[in-house]
Amino acid sequence: MSNNSYSTLTILGSTGSIGTTAIELIKLHQDKFSVISLTSYNNIQLLANQAKQLNAKYAVIGNESLYKELKDALAGTNIEALAGEQAIIDAAKITSDIVLTAIVGAAGLLPTMAAIERGATIALANKETLVCAGDIVMQAAKTHNAKIIPVDSEHSAIFQVFDFNNPSSIEKIIVTASGGPFRNFTKQQIENATLADALKHPIWNMGAKISIDSATMMNKSLEIIEAWHLFPIEKSQLEILVHPQSIIHSMVNYVDGSVLAQLGTPDMSTPIAYALAYPERMTSNSSKLNLAEIGNLSFFAPDYEKFPALRLGKEALQAGGSAPSILNAANEIAVERFLNQQISFGEIAQIVEKTLEKIPVSSPTTIDEVIAIDRQARQIAGSSFS
């Protein structure tokens, strides 16, 4: 928290699942936070309502054609309406203590970088920022003295039990996975799964894109790449473990045999609260963990044959350079097409693999180079449809 006893806060992507959960937390702790800016791409009504409830200074809609509608929705308030993708980047530049980056996909990269370059504390819920440009982003954070606190439940769990002062004492990191809705499906059933099936996550309530990533298990591929950038470890020290109950959010194994884990109910309120209050803790509205009621926790090795996205992520991590950015861009295009029911579920991983095969791995050193690679991968993935 800042010296004023409250923190000023910007939320990039306030109308998505992470953003709305964060706002419910802020309502519980209005004495701790003063909201500067809220952004959304299309959801005018919810954005306007949030801005009014929290008395934000700025409300920003990414879709420029919706500017007048947003301005009308904010009539009679002191909230300034802004519009356009550049306006979202500009909102990230406006002074605030904490920037919660909850924009889904590579679209979150430029706004997050803008916040890093002014030395803000980043509550990072946009994993694609590090997947696409991890080396550049982490170097920028170091240069500008920006602190990055992970919000993903897995990375928050690791962050809470990782000994940054003695990383040589760590044997490995275990990133847990629920296994998604298709954990018990056969390979053929998975390949022919319907959109309705893929959106039915058994544990987590998430947006459509993240739900599909969980169903393919591409989310775990993105998470291990993100973890490698966040924590001082070798690539070989990262493992995935399927844990259907999603109670243990990740684990850190130490060389002396100790295994430290962070546990909690599967509710994003907890990691969001941790990131926003860090280094303190604050109450959240998540239900409390009752292990006696749960009774049993189970664990399984991941199945790389049934879930080829896991193999693709592992290969992209090992290849490094532009490979993770290509992986992410192709996946975003393939998921979009599946959500539009233009391809089958099994074709998502196939399109990602074809795209990775077609683009040579390079070593981007600037965000512009990353964006160019991202654009090329999207074009190739988009042309992979029959």
**Q.** Among residues of the range 176-213, those that are of a type outside the set (A, V, I, L, M), buried (at least 24 other Cβ atoms within 10 Å of the Cβ) and either assigned to a helix (DSSP H, G or I) or free of Cβ contacts under 8 Å to residues at least 24 places away in the same chain (or both), counted
**A.** 1
Q. Which fully enclosed helices (runs of 4 or more DSSP H) of the range 67-141 have 1 or more residues being under 19 Å from the mean Cα position of the chain (by Cα) and among the hydrophobic types (A, V, I, L, M, F, W, C)?
A. 85-93, 109-117
Q) Looking at ILE149, ILE158, which one is in contact (Cβ under 8 Å) with a residue 12 or more places away in the chain and in a strand (DSSP E or B)? A) ILE149
Q | Test: ILE88 is touching a strand residue (DSSP E or B) at 6+ places or on another chain (Cβ under 8 Å), touching a residue at least 40 places away in the same chain (Cβ under 8 Å) and surrounded by fewer than 24 Cβ atoms within 10 Å (Cβ to Cβ) | A | no
Q.
So, in the range 28-66, exactly how many residues are aromatic (Phe, Trp, Tyr) and in a loop (DSSP other than H, G, I, E, B)?
A. 1
Q: State yes or no: is HIS249 in a strand (DSSP E or B) and either surrounded by fewer than 18 Cβ atoms within 10 Å (Cβ to Cβ) or at pLDDT 95 or above (or both)?
A: yes
Q. What number of residues in the range 157-179 are modelled with pLDDT of 95 or more and either among the hydrophobic types (A, V, I, L, M, F, W, C) or more than 16 Å from ILE233 (Cα to Cα) (or both)?
A. 12
Q: Pick out the one residue from ALA316, ALA329, ALA309, ALA334 that is assigned by TED's automatic domain parsing to the domain that holds ARG375, under 30 Å from ILE98 (Cβ atoms) and in contact (Cβ under 8 Å) with a residue 40 or more places away in the chain.
A: ALA329
(Q) Condition first: part of a loop (DSSP other than H, G, I, E, B), closer than 24 Å to ILE210 by Cβ and in contact with a helix residue (DSSP H, G or I) (Cβ under 6 Å, 6 or more places away or on another chain). Can you find one or more residues in the range 314-326 that meet it? (A) yes
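The values are calculated or read from the model by the stated rules, or taken from the named source; none is laboratory data. Quantities reported herein were computed from a predicted structural model and do not represent experimental measurements. All Cβ positions, even for glycine, are placed from backbone atoms using ideal geometry, and neighbour counts span all protein chains on display.
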